Amino acid sequence: MDNREEYSEASDMQRRDAQEVVDEFIDELGKMHGSCIDIGCGPGNITKELILPKLASDATIV
């Protein structure tokens with residue numbers, strides 16, 4: 001799928017699964033500093049909205 005909006009509208013299952021992983025590793029995510037690379041194949045919204053807010057304040061997504 002090469003349409004960002006269409007993918008985002010159809011990615012409820014991916015968002016749910018990602019949220020479960022974030023919830024399971026919430027303590028570890030909070031200890032991560034520096035750069036975190038997003039090597040996924042979606043538009044990056046799950047990384048930006050679910051993962052980045054849980055990382056240490058000095059962490060960045062590349």
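Nothing in this text is a laboratory measurement; each read-out follows from the coordinates by a stated rule. This structure is a prediction, so every number in the text was calculated from the model and none was measured. Ideal geometry is used to build each Cβ from the backbone, glycine not excepted, and the neighbour counts take in all protein chains shown.
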Crossing angle, helix 12-24 versus the chain [Cα axis fit, 0-90 degrees, rounded to tens]: 10 degrees
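Using alpha carbons only, what's the Rg to Rh ratio of the chain with Rh from Kirkwood? Please list the in-between numbers first.
Details: Rg = 12.2 Å, Rh = 12.3 Å.
Looking at the chain, the ratio lands at 0.99.
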Residues of region 27-61 with amide N under 13 Å of the 7 Å Cα→Cβ point at R4: 42-46, 48
I61 long-range amide H proximity, modeled H, under 5 Å: C36
Residue-count net charge about V22 - beta-carbon cut-off 13 Å; Lys, Arg +1, Asp, Glu -1: -3
Loop sites in region 14-62: trypsin sites (Lys or Arg not before Pro), DSSP, at most 16 other Cβ within 10 Å: K31
